[in-house]
Amino acid sequence: MLDVAGQMLGVMATREAQRLADQQGLDLVEVSPNAEPPVCKIMDYGKFRYEEGIKRKQARKNQKTVHIKEVKFHASVDTNDLDHKLRQMKEFLGDGHKVKVTLQYRGRENAHKELGVEVVNKVIEACSTFAVTEQPPRLLGRTLGCLLAPRPVKTSGSQPQPPKPEPPKPAPEATP
């Protein structure tokens, strides 16, 4: 049995604990029902639920949503178009979004699927400095697709800091 301040009151009968809670105008809440004996706490349950709701709202507000942006290619993409789409992908990944790369085959391109695979591999290789391949290229019907995610940022705590330079020492004064 715990009181409002979290102090241990010891083992007591349920009726006695309920009487103590009623005297203080509070509720008796079972905190750990599986313990032997069960642990109860005297608290204002309405206030507790209200504060828990605020904590959940705050956690939802601070949660970052990750969107999946899609960039489409064709097997006969030109170098300038490829460069432009790579710049877009770098921007999306820099903002923390995931990028779905899709390459769709049209007409005679279906006969030469290796050309599309080369394009997707070129895109993955170009993005390897700032992205990680989350799903490798996969062919589904006429579409070849893969998923890229931003490369995780390394925390500064794990990297050793270079030693700071010492301030210059004052020159000794000459005595006459």
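Would you please list the contacts, defined by Cβ atoms under 6 Å and residues six or more apart or on different chains, that run from a residue in the range 37-66 that is basic (Lys, Arg) to a residue that is open to solvent by less than 100 Å² (accessible area, probe 1.4 Å)? What qualifies is Lys41/Leu2; Lys41/Val29; Lys41/Val31. Using the structure shown, decide if Leu140 is open to solvent by less than 60 Å² (accessible area, probe 1.4 Å) and either of a type outside the set (Val, Ile, Thr) or over 15 Å from Glu70 (Cβ atoms) (or both). Spelling it out, it is not the case that Leu140 is open to solvent by less than 60 Å² (accessible area, probe 1.4 Å) and either of a type outside the set (Val, Ile, Thr) or over 15 Å from Glu70 (Cβ atoms) (or both).
Filter the range 75-118 down to the residues that are part of a loop (DSSP other than H, G, I, E, B) and closer than 17 Å to Gly145 by Cβ and list them by number. Full working, then the answer.
In the first step, residues of the range 75-118 are kept if they are part of a loop (DSSP other than H, G, I, E, B); the result is 75-78, 95-97, 105-106, 112.
Hits for the range 75-118 are Ala75, Val77, His97, Tyr105, Arg106.
Is it the case that some residue within the range 151-172 is over 20 Å from the mean Cα position of the chain (by Cα), more than 14 Å from Val101 (Cβ to Cβ), open to solvent by less than 100 Å² (accessible area, probe 1.4 Å) and at pLDDT 60 or above? Yes, there is a match, as at least one residue in the range 151-172 is over 20 Å from the mean Cα position of the chain (by Cα), more than 14 Å from Val101 (Cβ to Cβ), open to solvent by less than 100 Å² (accessible area, probe 1.4 Å) and at pLDDT 60 or above. Evaluation of Val117 against the conditions (1) free of Cβ contacts under 8 Å to residues at least 40 places away in the same chain; (2) open to solvent by 90 Å² or more (accessible area, probe 1.4 Å) shows that the sole unmet condition is (2). Do the conditions hold for Ala111, that is, is it over 16 Å from Lys72 (Cα atoms) and either in contact with a Leu (Cβ under 7 Å, 6 or more places away or on another chain) or among the acidic types (Asp, Glu) (or both)? No; evaluated as a whole, the condition is false for this residue. Condition check for Asp95 on (1) of a type in the set (Asp, Glu); (2) touching a Gly at 6+ places or on another chain (Cβ under 9 Å); (3) surrounded by fewer than 12 Cβ atoms within 10 Å (Cβ to Cβ): one failure, at (2).
Taken together, the residues in the range 17-36 that are open to solvent by less than 80 Å² (accessible area, probe 1.4 Å) and free of Cβ contacts under 8 Å to residues at least 24 places away in the same chain amount to 11.
The values are calculated or read from the model by the stated rules, or taken from the named source; none is laboratory data. Since this is a predicted model, take the numbers as computed values, not measurements. Methodologically, a virtual Cβ is constructed for each residue, glycine included, from the backbone with ideal geometry; neighbour enumeration extends over all protein chains shown. Quick note on the areas: whole protein, heavy atoms, side chains included, nothing else; ligands and nucleic acids left out. Shrake-Rupley method; radii C 1.70, N 1.55, O 1.52, S 1.80 Å.
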